[in-house]
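Visitor: Let me begin by handing over the structure; questions about it come next.
The values are calculated or read from the model by the stated rules, or taken from the named source; none is laboratory data. Note that this is a predicted model, so its numbers are computed, not measured. Positions of Cβ are generated from backbone atoms using ideal geometry, with glycine treated the same way; all protein chains shown enter the neighbour counts.
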Amino acid sequence: MSTATPRPGLGVTTVGLVHIYRSEGSDVAALSGVDITVRPGEVVGLLGPSGSGKSTLLALLAGLFQPSAGKVFVGDRDLAALTESELDRYQAVDGSLMLQGARRNLVPYLTIRGNVDFARQHAAKVGDEVPTTQEVVDLIGAGEIADRPLSELSQGQLQLGALAVALAPGPGIVLADEPTSALDHAARDRILDTLLDVNRRSGATIVIVTHDPDVAARLPRTVTIRDGRIGGEGRLGQEYAVVTADGFLPLPLHVREGLPPGTLVRLERDGENWRLVPEAGGLPGGGDDVIQ
Amino acid sequence: MSALRYRWVQALVVLVLASLVTAACAFAPLYVRALDQAVVATTVRATPAADAGVRILSFSTANMHVTTDYQHQRDLVPEALKPALADGIPSISVGVRRLPLAAEPEGSLLWRAGLCEHVRMTSGTCPNSAGEIAISADQARVYDQAVGSTLEVGEWDASVSRVEVSPQATLTVTGIYEQVPGDYWFGATLTGAAAGKLGFDTMLTPEATLVNAVRAPAGGGEVYWAEPHQGLDLPLRPDQVTADNIARLGAVAKDWIAYPLGVSRYGSDASDAVTVSTSLPAIADAAAASRGQARVTVPLLMAQLGLLLCTVLWLVLVGAADQRRGEAALARLRGRGSGGVRSLLLRETLPPIVAGVPVGLAAAVGLAAGARHTLLAPAPPAEFPPTTAYAALLALLVMLALAASSVRRVARAPIADLLRSVPAGRAKMVLGLLEAMVVAAAIAAFVALVTGAVRGPVGQLAPTLLAVAVGIVAARVVPALLAWLGGMALHRGWARAATALLHASRRSATRWLTPIVTVAVAIVVLSADLFAVGALNRQHRAAAETGAPTVLDLGSRDLKAVSDAIRAIDPTGTSITPVVTIDPIGSGNTTTIGVLPDAFSRIALWPGADPKSLAWQALRLPEQPPLEITGTSVSYAAKLPTVDFTSLDPDAQSTALSPALQIVDAAGATTTVPLGAIPTDGFQGRRSATIPCAQGCRVIGLGVSAPLGAAGMRGTLILSDLRIDDHPLDLGTASTWRPSISPEIAASDGAPGALTLTFANSGQTEAFVVHESVPQVLPALTTAPATPAAAGATIGGYLVDGSDQLLTSAGPIAYVPGGPARAALVNLDSLLIRGWSGRGSAKLTAYLSSSDPSAVASVRERLTGLGIPVTGVRHPADLERTFARSGAAWSLKLTTVVGGLALLTCAVALIVLIATSWRSRSRDYAGLRMAGLTRRDVGLIAMLETVPVVLLAGGLGLAAGLWSAPAALPMVPLFTTPSAIFPPDLRTAYGPSLLVAAAALVILAVVAALASRYVARRSRLDRLREAA
């Protein structure tokens, strides 16, 4: 086990997070006011279709971009307010991003051990207590493959290596972008198990971007991003719609299918519950369907 | 190390390029140094020993006691020169004439230390006692002096030319010598005079003959020779003359020569007592000139290569940094700042750069060794001047700067940019700010070079800078052009071509490849042009200055004999023609050159000139045929009424005068033949006389001859019925005789068959009318320096015997092949009318149309058989070789190295560019394979994507090279010294340049095709999966 004191998990709070980028002469809003809170030590999955903005959200949490508007807090840090060196330190020690695609996380000519070394060097230099390379290797159970050339490793082993690199500085939060993509089931499960194990053992917060419903099903909390907004949330298998800070309520997909754009609905209080009552024909008093 | 191992090809490429950059920088000082040494060694070797060494000579026409004897002459040598000079060869000589002194042949007695070892005695023994001499075989034959015979001589020199004061000696001939040629003689030729009956050859004798007392004139006891010439010849020691000390030796020698040596020791009466001659200052000047030229040409060439290499290295380094964007992103992700990223990237590129420096140094040393043994053979000594290390250090600093600059962009890029895979986009047509600045600066530098406003480093770089400017602009234009062509091809349904062109238009490699190929091909073309122009100029100058494919120097001064012999060998004048060159007596005067126009125009070499355009027809001979006679006696009828005298003194009034003929005898000598005295108080009758014309004569004048000192006379002489050996001779009419103004004499017609001469001789002994077959003024084709400003003005020329002959310019000629700058070309036959043999400075040569050794040997044999010895054979190739062994030529030979390295560099860059883009290329090609294209189609597309770009950029490089070459050429010295007659031809050598450019383009196209096909073969479908 680690001789270094585990770094406490870092919570995340975003407030009205907006990110706009320019593409082919037009402004595109990747995120349009995201409010999300992740508690320290929590494991959260970010779900959503391609282009929904989940990877952008992850990059903002990693400090790769400055948000166009809104705030990002990781732990007690406002990422947008960090100086360059503070941001470097955050990225070196506290917030560890695991890029999509195993090879992108690995220096190609180093072994997994070498890559872990490479990743922890700067963290160790800036004065923080970081786990040793061997501890990291042991943590992910990669002792057998740690010293083999990357060219000899399978995709799953490479992904394990990428995870080792992400864990090298003993981060307070691990941001993993599609860590199980392009893996077979066994490899996928091993990666997921390792992530959850690390969470349990170190208390690090883990945010995972995934497409995979099986992966999502194993996560205690999922947040669905849709069209740059929080589209819903799942907890222990239960799906929820989330009311945003400005009062919007994105409808789940299966609800939207019954309520085409332009549909007029009435919200009626029913005890502790709210009822969503569409108007028939789009006119007041014309419908009977009630959604609860 | 693991990073280097992982990208070992890239590391190897960087190492190779770094070593090439270092080699290019370090090679220049090594080559210049080797060239310096070669220039000095070659110049010393090419200078005759007599000129390279020091000759000290001491004699006095005023007082023999102020002569410095050879034992003390060595003391005069400056200390700085002594190590470079070998032990001297002392000598003493005395001018003598056979007694009686009047008109006997003259010669000189010579002693040189150890002379017997440098002659071959063909008869008798080498003299070893006072009064003994050895003579030449010619002297023995011509003057009938056998071994054992004695010779009475008296001293005959500037101060001793009267019999009453001349020391005299009786000399005994002990042997017949033959001079063994060698440096020992310091250029002296002992023989030659006797063969031409011009006097004695040098007579060799022991020192005692010249230092012991000899007989005083008229039995007045003993005296010493009055004007001995004491000499000391100090040969130069070539091994002691180096590039380091030649300038000092030259300067010391110059001061020494310039100083009036005699004044300091003996006073003004002996200021000419000691003279020192040496060509050391000239050698030093020539060496300095050659070195100066090398310092222009070598940097000029190496600068172009260095610029290309630095550009390619920078490109590779930038490519290497771009390849590592992912690693840079990881480093940034793990908290390293831009400094950390920079050091991460540099850790991979700096080691091969640093390692490349010693490799490059070694390569430069090896290359220099190769150049020393091939280009500069015989090899000058191997040296390592400190400037080589400085150059290597400079190269390292430049490369470090390039490396630091190459990672700047990646190190500063935001992580998000680094993580993004950069899509291949079509290049914009608009230049970036930096590019625009480079283009503007390059064009400004080139314009400044063309207008002559700039020389030196900027001027040297200007040709490549122009290519860089063209390349940068082309890098923007070519992708757009390819895209347009691709669109056109797509529109016409040419799918493969369209795909290839559109791919090429989007590749960043295209934007890099274009300027690299443009610059490289421009350098190759420039190098080829410089090489070809240099070689062509050396060839043409050698041809113009030699004159013909073969020139035979003839050991005869008899133009008629030479002319007759050559006409006998080749009556049509198609393969051999005589040429006589008569140098003027004073400097700055015109050299007269006699040729046979038709044959000369055919056989002589005329590089850069068109002989057909010359006014050959103007070199006409007089229309009047010569008046030739053969016989031993002449008789004629004469009528001389009473003559009027200008003096009333009866003693001065001559009682007789003589009709006279002026003839040119068979030997070419002009002689006056008196035809018998006629009383001046009235005469009518016949006279006869003997004439020396048994072998035939040519009558060139007819007139009167009066006794020496007679008063001027005026009269009329009527001659008729002139007979030679009783055969009548028609003197022609008065119009065939040209009158003379001073003395005044003219011919007029009288009775049929009679000629009347009216004369007023103003006291001169002879007055002649000149036969019209003898031209008064010879028409000549004149070079610009010899052409008088006023049309029709006459210029001074010479006959073979040295007598004057007026010339007039009948047309211009750019130069006379084999002649000097100031020359007048005349019809050789007009020089045969009179004075064709004699003691002038005429040099007789034969121009041959062939250089074939067997043909030359045949002609030589036939000439020798006809009594015309051949003393030398010259070919343009001999002179060309001399030109080729000069600093200027050696510098130009470097173009082969530069051109080759530029091509190699470009090929490396091509491979690197294609290799660095192989991932995206192979992915694209895998996509094409998915779309159903065959491997062959993909291979074709891969080639079409690259080869046209190479050819297009190469074409631009060719144009840039051809355009910049004329601007660069005037900066390049082609010869150590300019030609007096042949102006440098700096026109672009299109043939060789185009040929070399075509070869370079083929090589580059093949390299591009092979590299493209290699990438295409790796377009497996798994590339697509990898991309996903």
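Visitor: Hey, which of the helices (runs of 4 or more DSSP H) in region B:1-65, taking only ones fully inside, have at least 2 residues that are within 14 Å of another protein chain (Cβ to nearest Cβ)? Reasoning before the result, please.
Guide: Working: elements: B:2-6, B:8-46, B:49-52.
Hits in region B:1-65: B:2-6, B:8-46.
Visitor: Tell me, please, whether a residue that is in the same structural domain as A:Gly41 (by TED's automatic domain parsing) and more than 26 Å from the chain's Cα centre (by Cα) can be found in region A:91-110. Before you say what the answer is, go through the steps one by one.
Guide: Restricting attention to region A:91-110, the residues satisfying the condition of being in the same structural domain as A:Gly41 (by TED's automatic domain parsing) are A:91-110.
After this cut, where a residue has to be more than 26 Å from the chain's Cα centre (by Cα) as well, the list is A:109-110.
Looking through region A:91-110, at least one residue is in the same structural domain as A:Gly41 (by TED's automatic domain parsing) and more than 26 Å from the chain's Cα centre (by Cα).
Visitor: Count, please, the residues in region B:748-805 that happen to be free of Cβ contacts under 8 Å to residues at least 40 places away in the same chain, of a type in the set (A, V, I, L, M, F, W, C), part of a loop (DSSP other than H, G, I, E, B) and not assigned by TED's automatic domain parsing to the domain that holds B:Gly685.
Guide: Residues meeting the conditions: 4.
Visitor: Something else: Inspect region A:75-83 for any residue being outside any helix (DSSP H, G or I), crowded, with 23+ Cβ neighbours inside 10 Å and not basic (Lys, Arg) and give the result as yes or no.
Guide: In the first step, residues of region A:75-83 are kept if they are outside any helix (DSSP H, G or I); the result is A:75-78, A:82-83.
Going one step further and asking which of them are crowded, with 23+ Cβ neighbours inside 10 Å, we end up with none.
There is no residue in region A:75-83 that is outside any helix (DSSP H, G or I), crowded, with 23+ Cβ neighbours inside 10 Å and not basic (Lys, Arg).
Visitor: Assuming B:Asp725 fulfils every condition listed in (1) surrounded by fewer than 17 Cβ atoms within 10 Å (Cβ to Cβ); (2) more than 27 Å from B:Ser654 (Cβ to Cβ); (3) under 52 Å from the mean Cα position of the chain (by Cα) apart from one, which condition is it?
Guide: Failed condition: (3).
Visitor: Can you list the helices (runs of 4 or more DSSP H) found entirely within region B:486-598 that contain at least 3 residues being closer than 21 Å to B:Tyr815 by Cβ? Steps first, please.
Guide: Details: elements: B:495-506, B:508-546, B:559-569.
Because the criterion is at least 3 residues that are closer than 21 Å to B:Tyr815 by Cβ, the helices (runs of 4 or more DSSP H) in region B:486-598 that meet it are B:508-546.
Visitor: Next up: From the list A:Val126, A:Val93, which one is at the interface with chain B (Cβ under 10 Å from one of its Cβ atoms), in contact with a helix residue (DSSP H, G or I) (Cβ under 6 Å, 6 or more places away or on another chain) and surrounded by fewer than 22 Cβ atoms within 10 Å (Cβ to Cβ)? So that I can check it myself, show each step before the final result.
Guide: On the way: A:Val93 fails: surrounded by fewer than 22 Cβ atoms within 10 Å (Cβ to Cβ).
None of the other options fit; the residue is A:Val126.
Visitor: What about A:Leu64, is it closer than 13 Å to B:Arg332 by Cβ and part of a loop (DSSP other than H, G, I, E, B)?
Guide: The answer is yes for A:Leu64.
Visitor: Now, a different point. Of all residues in region A:96-115 being at the interface with chain B (Cβ under 10 Å from one of its Cβ atoms) and of a type in the set (Val, Ile, Thr), which is surrounded by the fewest Cβ atoms within 10 Å (Cβ to Cβ)?
Guide: Per the stated criteria, the residue is A:Thr111.
Visitor: If you don't mind, another one. Pick from region A:139-171 the residues that are within 11 Å of chain B (Cβ to nearest Cβ) and hydrophobic (A, V, I, L, M, F, W, C): which of them is farthest from A:Asp193 (Cα to Cα)?
Guide: Looking at the filtered set, the residue picked out is A:Leu150.
Visitor: Would you mind stating whether B:Gly685 is over 22 Å from B:Trp836 (Cα atoms), in contact with a helix residue (DSSP H, G or I) (Cβ under 9 Å, 6 or more places away or on another chain) and assigned by TED's automatic domain parsing to the domain that holds B:Ser762? So that I can check it myself, show each step before the final result.
Guide: Values: over 22 Å from B:Trp836 (Cα atoms): yes; in contact with a helix residue (DSSP H, G or I) (Cβ under 9 Å, 6 or more places away or on another chain): no; assigned by TED's automatic domain parsing to the domain that holds B:Ser762: yes.
Criteria not met by B:Gly685.
Visitor: If a residue has to be modelled with pLDDT of 90 or more and within 11 Å of another protein chain (Cβ to nearest Cβ) to count, how many in region A:172-189 make the cut?
Guide: Count: 2.
Visitor: While we're on this one: Going through region B:506-527 one residue at a time, which ones are hydroxyl-bearing (Ser, Thr, Tyr) and buried (at least 24 other Cβ atoms within 10 Å of the Cβ)? Outline the logic, then answer.
Guide: Taking region B:506-527 first, the residues hydroxyl-bearing (Ser, Thr, Tyr) are B:508, B:510, B:514, B:518, B:527.
If the condition is that a residue be hydroxyl-bearing (Ser, Thr, Tyr) and buried (at least 24 other Cβ atoms within 10 Å of the Cβ), then B:Thr510, B:Thr514, B:Thr518, B:Ser527 are the ones that fit.
So that you can scan it fast, the table gives a plain yes or no per residue for (1) in contact (Cβ under 8 Å) with a residue 40 or more places away in the chain; (2) within 14 Å of another protein chain (Cβ to nearest Cβ):
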site: B:Ile353; (1), (2): yes, no
site: B:Ala364; (1), (2): yes, no
site: B:Thr374; (1), (2): no, no
site: B:Pro386; (1), (2): no, no
site: B:Ala392; (1), (2): yes, no
site: B:Val407; (1), (2): yes, no
site: B:Leu419; (1), (2): yes, yes
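Visitor: In region B:101-156, how many are among the basic types (Lys, Arg) and within 37 Å of the chain's Cα centre (by Cα)?
Guide: Of the residues in region B:101-156, the ones among the basic types (Lys, Arg) are B:112, B:120, B:141.
Those still in the list that are within 37 Å of the chain's Cα centre (by Cα) too: B:112, B:120.
So the count comes out to 2.
Visitor: Identify, from the list A:Ser52, A:Ser32, the residue that is in a strand (DSSP E or B), surrounded by fewer than 23 Cβ atoms within 10 Å (Cβ to Cβ) and of a type in the set (S, T, N, Q). Show your work before the answer.
Guide: Working: A:Ser52 fails: in a strand (DSSP E or B).
Only one candidate passes the filter, namely A:Ser32.
Visitor: Quick check on my filter: what residues within region B:543-571 are under 21 Å from B:Leu832 (Cα atoms) and either without any contact (Cβ under 8 Å) to a residue 12 or more places away in the chain or charged (D, E, K, R) (or both)?
Guide: B:Asp553, B:Arg557, B:Asp558, B:Lys560, B:Asp564, B:Arg567, B:Asp570, B:Pro571
Visitor: Go through region A:29-51 and give me each residue that's within 13 Å of the chain's Cα centre (by Cα) and either closer than 10 Å to A:Asp227 by Cα or within 14 Å of another protein chain (Cβ to nearest Cβ) (or both).
Guide: A:Gly48, the sole residue that qualifies.
Visitor: Check B:Leu940, B:Leu974, B:Leu958 and return the single one that is within 22 Å of B:Gly471 (Cα to Cα) and in the same structural domain as B:Val908 (by TED's automatic domain parsing).
Guide: Details: B:Leu940 fails: within 22 Å of B:Gly471 (Cα to Cα); B:Leu974 fails: within 22 Å of B:Gly471 (Cα to Cα).
Just a single option satisfies the conditions, and that option is B:Leu958.
Visitor: Let me ask another. I'm trying to understand the selection: among the residues of region B:131-152, which are aliphatic (A, V, I, L, M) and in a loop (DSSP other than H, G, I, E, B)?
Guide: Taking region B:131-152 and keeping what is aliphatic (A, V, I, L, M), we get B:133-135, B:137, B:140, B:142, B:146-147, B:151.
Selection gives B:Ala146, B:Val147.
Visitor: Of all residues in region B:311-338 being in contact with a helix residue (DSSP H, G or I) (Cβ under 6 Å, 6 or more places away or on another chain) and within 23 Å of B:Ala522 (Cβ to Cβ), which is nearest to the other protein chains (Cβ to nearest Cβ)?
Guide: Among them, the one singled out is B:Gly319.
Visitor: Of the residues B:Ile833, B:Ile868, which is within 29 Å of the chain's Cα centre (by Cα) and in contact (Cβ under 8 Å) with a residue 40 or more places away in the chain? Spell out the reasoning first.
Guide: Details: B:Ile833 fails: within 29 Å of the chain's Cα centre (by Cα).
Selected residue: B:Ile868, the only one of B:Ile833, B:Ile868 that is within 29 Å of the chain's Cα centre (by Cα) and in contact (Cβ under 8 Å) with a residue 40 or more places away in the chain.
Visitor: From the list B:Ala395, B:Ala369, B:Ala389, B:Ala401, which residue is buried (at least 17 other Cβ atoms within 10 Å of the Cβ) and in a helix (DSSP H, G or I)? First the steps, then the outcome.
Guide: Values: B:Ala369 fails: buried (at least 17 other Cβ atoms within 10 Å of the Cβ); B:Ala389 fails: buried (at least 17 other Cβ atoms within 10 Å of the Cβ); B:Ala401 fails: buried (at least 17 other Cβ atoms within 10 Å of the Cβ).
Testing whether each residue is buried (at least 17 other Cβ atoms within 10 Å of the Cβ) and in a helix (DSSP H, G or I) leaves just B:Ala395.
Visitor: Name the residues in region A:212-226 that are touching a strand residue (DSSP E or B) at 6+ places or on another chain (Cβ under 7 Å) and not β-branched (Val, Ile, Thr), would you?
Guide: The answer is A:Ala216, A:Leu219, A:Pro220, A:Arg221.
Visitor: Which residues, counting only those in region B:75-120, are under 25 Å from B:Asp244 (Cβ atoms) and among the basic types (Lys, Arg)?
Guide: The one that is under 25 Å from B:Asp244 (Cβ atoms) and among the basic types (Lys, Arg): B:Lys82.
Conditions (1) outside the structural domain of B:Lys560 (by TED's automatic domain parsing); (2) modelled with pLDDT of 90 or more, marked per residue:
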{"residue": "B:Pro597", "(1), (2)": "no, yes"}
{"residue": "B:Ile603", "(1), (2)": "no, yes"}
{"residue": "B:Pro607", "(1), (2)": "no, yes"}
{"residue": "B:Thr632", "(1), (2)": "yes, yes"}
{"residue": "B:Ser635", "(1), (2)": "yes, yes"}
{"residue": "B:Ala638", "(1), (2)": "yes, yes"}
{"residue": "B:Thr642", "(1), (2)": "yes, no"}
{"residue": "B:Asp649", "(1), (2)": "yes, no"}
{"residue": "B:Thr655", "(1), (2)": "yes, no"}
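Visitor: Within region B:345-355, is even one residue assigned to a helix (DSSP H, G or I), among the hydrophobic types (A, V, I, L, M, F, W, C) and touching a Lys or Arg at 6+ places or on another chain (Cβ under 7 Å)?
Guide: The initial filter retains those residues of region B:345-355 that are assigned to a helix (DSSP H, G or I), namely B:345-355.
Those left that are additionally among the hydrophobic types (A, V, I, L, M, F, W, C): B:345-346, B:350, B:353-355.
Subset that is touching a Lys or Arg at 6+ places or on another chain (Cβ under 7 Å): B:345.
Within region B:345-355, one or more residues are assigned to a helix (DSSP H, G or I), among the hydrophobic types (A, V, I, L, M, F, W, C) and touching a Lys or Arg at 6+ places or on another chain (Cβ under 7 Å).
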